[in-house]
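Structure, as structure tokens:
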Amino acid sequence: MAEENGDKKHDPTPRRLEQAREKGQVAKSQDLAAAVILLLAIVLLMTLGKIITENLFEYSQKMLLEPMLLIPENQEIDSLKQSVQSLFHETVIRFMKPLSIFFILLLVTAVVANIAQIGFLWLPDKLNFDFTRLDPIKGFGRIFSMQSVVRLLMGIGKIIICAVVAWYAVEGSFGEILNLSENETNQIAAFLVWMLLMIALKVAVALVIIALIDFMYQRWKQMQDLRMTDQEMRDEVKNMLGDPQIISKRRQIQREMAQKQRTQGTPEADVVVTNPTHFAVAIKYDIRTMEYPVVVAQGADHLAFQIRKIAAEHRIPVVERKALARALFASVEIGSPVKIEEEHMKTLAEVIAYAYWLTGRGNLAPKAG
């Protein structure tokens, strides 16, 4: 019944998450990066603002007192040009350092805030022009959708929260604000600027907290949207593992390749030792170049039949020695020299000698014992 109703009761698989990511479906808060940038900008203004303000004040005084600006007719053209260039360079140098630090930090923060949410994501297909976005019906559907209503409510909620935070930030300073008339103008300005920055700082912190909550909600919502039904889970497993028929065919090919590898050395053998039907071991031995005989092929049951068949096709002697065949199959791997008990080694020497005699190489046969 769950499958018929389409209940999504399975968590999304890594493959499904990756496919969603490739389509641009990632969990991201639209406000988190902006809130973090706003918070950092306020902090930078509270730390670097004094330096920037002092530089601006000193520069303004100098510009207002500069003779070339007050009485330009007394200046020659070349001298005036040099003075303007000098002032331009001084302006750039004076403001470049604090302003560059300010804007570079904001730029880095914007990049980090986005990458921290979704990682590095490159989707060039999203840059293509999509004519479906010009559909007015779909456009109205997006505007009046439930998601738009939720965003509107969240926006109103943010405004209310920020207003409450700002109110409580100002409420404790009402007495100081009322007594500002007794202070100097510069003191009033400094107090108001500092109070505005503190209010903005508290509002920015509130916005960051709201954005973090929104980000966690977006992640939860994405996981809920990508949950899978029983049928989707079965299809996912099928896609990851492949079609059962293809898997069966692949395994059959792998078995055939493994069988071929275990029997392909048979044509090089000098003799095949059998059980007679359960085991078959192909032995190669050249007394002039080898210290010990070498197993070039071996197999049981069907593979043993294949080895005997190949041996018959290549006229390789097949000798039945039950104990020897079992010992060779159990203790010697393909490509390895034969090092077994002395009793079996003597039997093997007799078998090889017999095979040499059958093939007319009796003078090269090893001596038993």
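Observations
- Candidates ILE188, ILE160 - the one that is at pLDDT 75 or above, in the same structural domain as LYS23 (by TED's automatic domain parsing) and either over 22 Å from ALA34 (Cβ atoms) or not in a helix (DSSP H, G or I) (or both): ILE188
- One residue stands out in region 69-106 among those that are surrounded by 11 or more Cβ atoms within 10 Å (Cβ to Cβ) and under 18 Å from VAL43 (Cα atoms): the one that is modelled with the lowest pLDDT, namely LYS97.
- Residues that are over 12 Å from THR263 (Cβ atoms), surrounded by fewer than 20 Cβ atoms within 10 Å (Cβ to Cβ) and touching a helix residue (DSSP H, G or I) at 6+ places or on another chain (Cβ under 6 Å), drawn from region 285-309: ILE287
- Tally, over region 163-185, of residues that are part of a helix (DSSP H, G or I) and either closer than 30 Å to ASP31 by Cα or in contact with a Phe, Trp or Tyr (Cβ under 6 Å, 6 or more places away or on another chain) (or both): 9
- Residues of region 1-26 that turn out to be modelled with pLDDT of 80 or more, part of a loop (DSSP other than H, G, I, E, B) and not β-branched (Val, Ile, Thr), as a count: 2
- Residue check, GLN231 of a type in the set (S, T, N, Q), under 47 Å from the mean Cα position of the chain (by Cα) and in the same structural domain as ARG15 (by TED's automatic domain parsing): yes
- Yes/no for GLY49 being within 19 Å of LEU107 (Cβ to Cβ) and either without any contact (Cβ under 8 Å) to a residue 40 or more places away in the chain or in the same structural domain as ASN114 (by TED's automatic domain parsing) (or both): yes
- Complete set of residues in region 292-309 that are touching a strand residue (DSSP E or B) at 6+ places or on another chain (Cβ under 8 Å) and either of a type in the set (Val, Ile, Thr) or part of a loop (DSSP other than H, G, I, E, B) (or both): TYR292, PRO293, VAL294, VAL295, VAL296, ILE307
- Candidates ALA312, ALA330, ALA349, ALA325 - the one that is buried (at least 19 other Cβ atoms within 10 Å of the Cβ) and either of a type outside the set (D, E, K, R) or in a loop (DSSP other than H, G, I, E, B) (or both): ALA325
- Which numbered condition ILE137 misses (of (1) within 34 Å of the chain's Cα centre (by Cα); (2) modelled with pLDDT under 70; (3) part of a helix (DSSP H, G or I)): (1)
The values are calculated or read from the model by the stated rules, or taken from the named source; none is laboratory data. Since this is a predicted model, take the numbers as computed values, not measurements. Glycine also receives a Cβ, built like all others from the backbone with ideal geometry; neighbour counts cover every protein chain displayed.
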